[in-house]
Amino acid sequence: MPDTTQLLMFIAAGWLLNLTPGPDVLYIVSSALRSGARAGIVAALGIVSGCFVHVFAAALGVGALLATSTTAFSVLKWAGAAYLMWMGVKLLRTKGGSYVVPSSVGASREPADLRRIFRQGFLTNVLNPKVALFFLAFVPQFIAPGTDDKVTAFLLLGLLFNLNSLPINFGYAWLAGWASRRVGTMQRAMHWMDRAAGLMFIGFGLKLALSDNPNR
């Protein structure tokens, strides 16, 4: 394990990386705006669960396979790109009238499908090979060369990184949920939010589809 200084640097780097907007943050925010902070938190938990899959995969060598095998990387890349674009198309086709204004502004909100929100957050991460490559490239930098059990050290640092991301992701969910309760025109605004989010998800999918394996 790293010493105290390196550990603090690892935590700070993790916070900075999780503050950077991307598909994960977009999904958390859009879920919270649509269905409240609870839905955003569930989305964050789904995303972090997907990160755990990549941490274990990287520790067991699957991440190394993605880094060296063009075929393995391409298969997961195209699956992830297709999924992101499919989510984008779904958001673009969402009808604005299906939203219910939050209860705090005079109406009741339909219960969110938390299982679906969790599942989509999970798949958003699992089907992105660059998440696995990120852990493979980032975490070993903080493992001392003389560490006897590097696999255990990798798993512990990966666990810390994911737990470290929860305050940031929950913060995004809470802020978006807070905003949704205080905006009287949220029903109309969410119509355009979904359009913007849909276009961004399609953009993320296209970017992933056109990307090359960064380790080749």
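Values in this text are rule-based calculations from the coordinates and carry no lab data. Keep in mind that what you see is a predicted model, and the values were worked out from it rather than measured. Here Cβ is always computed from backbone atoms with ideal geometry, including for glycine, and neighbour counts include all displayed protein chains.
Along each principal axis, taking the top coordinate minus the bottom one, the Cα set of the range 5-47 gives 40, 16, 13 Å in descending order.
Taking 0.36 nm per residue of separation and subtracting the current Cα-Cα distance, fully stretching the chain between ASP212 and ALA72 would add 49.2 nm. Panel order for ILE28, ILE41, ILE202, ILE47, by other beta carbons found within 10 Å of each beta carbon, from fewest to most: ILE202, ILE41, ILE47, ILE28.
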